[in-house]
Amino acid sequence: MADSNGNIFINRDQSLPFFKPDVGEEEISAVAEVLRSGWLTYGPKVREFGQACAEYLDVPCAVPVASCSAGLFLTLKAMGIGPGDEVILPSMTFIATLTAVIHCGARPVLADMDPDNLGLDPEAFARAITPRTKAVIPVHLAGHPCRIKEIITIAGQHGIKVMEDAAHSFGAAVDGTRIGGFGDATVFSFYATKCITTGDGGLVTTANQEMADKLQLLSFHGMDGNAWQRYGDKGRWYYEVVALGYKFHLGDPAAALGLVQLGRSDAFMARRTEVAMRFNAAFADLPGVTLPGQADWATHAWHLYVLRLDPDVIDGGRDGLIEDLTANRIGSSVHFIPLHHHPAYRKEGAEFISQLPETEKYYSQAVSLPLFPGMLDSDVEDVIEVVTGSLKLRTR
Ligand SMILES: Cc1ncc(COP(=O)(O)O)c(C=O)c1O
């Protein structure tokens with residue numbers, strides 16, 4: 001339906017947020033139980049959550065941390081990355097991927113993305129390697145895995161460490177194997193909008209026990225193994241600080257929430273996939289629209305549903321669609337503003353601009369639509385009505 005100005009109008013009585021976490025009574029009871037126990041910080045629930053995540057992802061070691069941002073930084077530190085080192089990463093990511101490198105004192109080197117899967121392009125990675133390159137951070141954007149196997153092969157040829165940023169991709173898989181055990185380490189986010197949530201929280205997985213022990217140690221002020229129990233009934237006051245670390249561990253209330261969410265992870269992903277398939281079917285034939293890619297080797301976690309709109313075909317491009325969604329009380333977003341566009345990094349990032357044509361093009365066209373497990377079928381149909389209505393009116 002169009003309003004008197006010729007704009008798409010569907011008269012929703014409530015707004016549809018871009019994302020709403022699905023937290024129910026089971027999560028509330030689990031957290032309440034922890035609060036009643038009196039143990040409010042790092043403790044048995046965090047350990048149980050780490051083990052449960054390791055089993056779910058089928059990886060030997062999983063260390064829960066305060067956030068993915070903390071985990072990215074901590075992992076680079078544990079890898080020994082520091083001043084004089086270069087770390088390659090895509091510009092199409094969240095700022096935390098970059099600041100992890102900068103706060104270690106290393107030099108970030110931005111490389112272009114592969115528009116088919118939105119992750120780091122292996123060829124662009126290879127071109128960016130210098131003798132100073134010590135690590136690479138492939139990002140699995142939107143829930144679709146990047147070409148991680150090729151990246152690992154190239155990294156292996158140059159002795160480069162691979163730390164995957166899988167903030168969006170809990171449950172995603174490559175050739176049937178879940179992300180979490182491909183690189184030297186993988187970092188997930190459990191922020192409120194992610195595939196599963198602990199409110200704020202993250203996880204580092206690795207097959208390397210030594211690395212996991214180091215991460216564990218550094219995440220808790222470098223205090224020795226049992227120091228966390230020192231206020232428990234079996235604890236004792238003496239502990240030793242054996243490394244100078246950080247306060248980056250998760251707490252038991254968050255872990256209790258995470259344990260329930262973990263049990264719902266497959267169902268969440270199935271519902272997100274169902275919604276994404278409905279969107280794909282509805283938008284497939286619209287001119288000037290590129291649907292999200294899905295490689296036959298990949299299992300998409302569908303954290304985000306990103307459409308790309310060609311502004312030469314669609315009047316106003318993605319900004320026009322965002323205006324129409326907002327006018328109809330439907331949330332949307334853009335993932336992401338490239339790193340080198342942010343004022344705090346624009347000056348340093350400028351040297352990479354000529355290397356990032358795919359990133360610039362994608363950024364000018366991308367819009368993320370609402371996608372979360374609790375979306376009603378009627379919400380999905382409302383999004384479809386506004387998107388198809390808006391684009392039909394705007395097609396040149
Ligand atoms: C790609 C990416 N990396 C890292 C992060 C940081 O995650 P967290 O909020 O858990 O620190 C985010 C968060 O949005 C992200 O999107």
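Brief remarks follow.
- Restricting the range 219-232 to residues that are outside any helix (DSSP H, G or I) and modelled with pLDDT under 85, the residue that is most open to solvent (accessible area, probe 1.4 Å): ASN226
- Boolean, THR186 is assigned by TED's automatic domain parsing to the domain that holds ASP121, away from the ligand (no atom under 16 Å from the Cβ), open to solvent by less than 30 Å² (accessible area, probe 1.4 Å) and of a type in the set (Ser, Thr, Tyr): no
- Of all residues making up the range 126-158, the number that are open to solvent by 10 Å² or more (accessible area, probe 1.4 Å) and more than 19 Å from LYS77 (Cβ to Cβ): 15
- Pairs meeting the criteria (first residue in the range 153-168 and part of a strand (DSSP E or B), second residue away from the ligand (no atom under 16 Å from the Cβ) and open to solvent by 30 Å² or more (accessible area, probe 1.4 Å), beta carbons under 7 Å, at least 6 apart or on different chains) are LYS161/LYS134; LYS161/ASP184; VAL162/ILE152; VAL162/ASP184; MET163/ASP184; GLU164/PHE182.
- The residues listed here are LEU307, LEU286; of these, the one that is away from the ligand (no atom under 16 Å from the Cβ) and under 20 Å from the mean Cα position of the chain (by Cα) is LEU307.
- The range 67-105 - residue that is more than 19 Å from THR186 (Cβ to Cβ) and among the small types (Gly, Ala, Ser) and, of those, farthest from the ligand (Cβ to nearest atom): GLY84
- Residue count for the range 174-198 under the criterion of being under 18 Å from MET269 (Cα atoms), part of a strand (DSSP E or B) and within 14 Å of the chain's Cα centre (by Cα): the result is 3.
- Only one of ASP382, ASP315, ASP377, ASP319 that is buried (at least 16 other Cβ atoms within 10 Å of the Cβ) and modelled with pLDDT of 95 or more: ASP382
- Within the range 137-148, being farther than 17 Å from ASP58 by Cβ and outside any loop (DSSP other than H, G, I, E, B) holds for VAL139, LEU141, ALA142, GLY143.
The values are calculated or read from the model by the stated rules, or taken from the named source; none is laboratory data. None of these values were measured; they are calculated from a predicted model. Cβ coordinates were reconstructed from backbone atoms using ideal geometry, including for glycine residues, and neighbour counts include every protein chain displayed. SASA here: full protein model, heavy atoms, side chains in, ligands and nucleic acids out. Shrake-Rupley method; radii C 1.70, N 1.55, O 1.52, S 1.80 Å.
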